[in-house]
1. With Ser103, Ser123, Ser54, Ser71 as the choices, which residue is farther than 16 Å from Gly8 by Cα and open to solvent by less than 60 Å² (accessible area, probe 1.4 Å)?
2. Taking Ala75, is it over 12 Å from the mean Cα position of the chain (by Cα) and small (Gly, Ala, Ser)?
3. Which one is surrounded by the most Cβ atoms within 10 Å (Cβ to Cβ), of the residues in the stretch 21-46 that are small (Gly, Ala, Ser) and in a strand (DSSP E or B)?
4. Could you pull out the residue among Thr78, Thr91 that is among the polar types (S, T, N, Q) and open to solvent by 20 Å² or more (accessible area, probe 1.4 Å)?
5. Which residue, of Val48, Val121, Val93, Val79, is in contact (Cβ under 8 Å) with a residue 40 or more places away in the chain, aliphatic (A, V, I, L, M) and touching an Asp or Glu at 6+ places or on another chain (Cβ under 6 Å)?
6. Going by what's in this entry, would Leu86 be described as part of a loop (DSSP other than H, G, I, E, B) and touching a strand residue (DSSP E or B) at 6+ places or on another chain (Cβ under 7 Å)?
7. Testing Gln13 on (1) in contact with a Phe, Trp or Tyr (Cβ under 8 Å, 6 or more places away or on another chain); (2) open to solvent by 60 Å² or more (accessible area, probe 1.4 Å), one condition comes back false. Which one is that?
Amino acid sequence: QVQLVESGGGLVQAGGSLRLSCAASGRAVGSYGMGWFRQAPGKERLFVAATRWSVDSTYYADSVKGRFTISTDNAKNTVYLQMNSLKPEDTAVYYCGAVRVGSYRRPNDYNCWGQGTQVTVSS
């Protein structure tokens, strides 16, 4: 089982930037795909971005393409989400997840989640 701990959320003005971190620990971390999702109050959890360790493949939701960048630091077992040009509609709790098999884009396929970190973008 993998354990995930997110950090880096906060309050930022529209147009600003934040970087989220997700520290992974546990067995066979490298065998999981890693994804970021977000969930606004009363809404479903939505895919944001995904990648794999040591593989130069990244996937993004259309709503964040060109503004957000997902990356990994394999030595630190940490996944990052760099968020630029933030908009008020990016406001949500952001979750890091790990998926063994299945689709990166489907939250039900994920094996475990972090506790979430709040991102608030003011207009």
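The values are calculated or read from the model by the stated rules, or taken from the named source; none is laboratory data. Everything quoted here is computed from the prediction, not taken from an experiment. When we count neighbours, we look across all protein chains shown, and the Cβ atoms used for this are built from the backbone with ideal geometry, even at glycine. The area values use the complete protein model at the heavy-atom level, side chains included, leaving out ligands, DNA and RNA. Shrake-Rupley method; radii C 1.70, N 1.55, O 1.52, S 1.80 Å.
1. The conditions single out Ser103.
2. Considered against the rule, which asks whether it is over 12 Å from the mean Cα position of the chain (by Cα) and small (Gly, Ala, Ser), Ala75 comes out as yes.
3. Gly35
4. Just one listed residue meets the conditions, Thr91.
5. The conditions single out Val121.
6. In short, yes.
7. (1)
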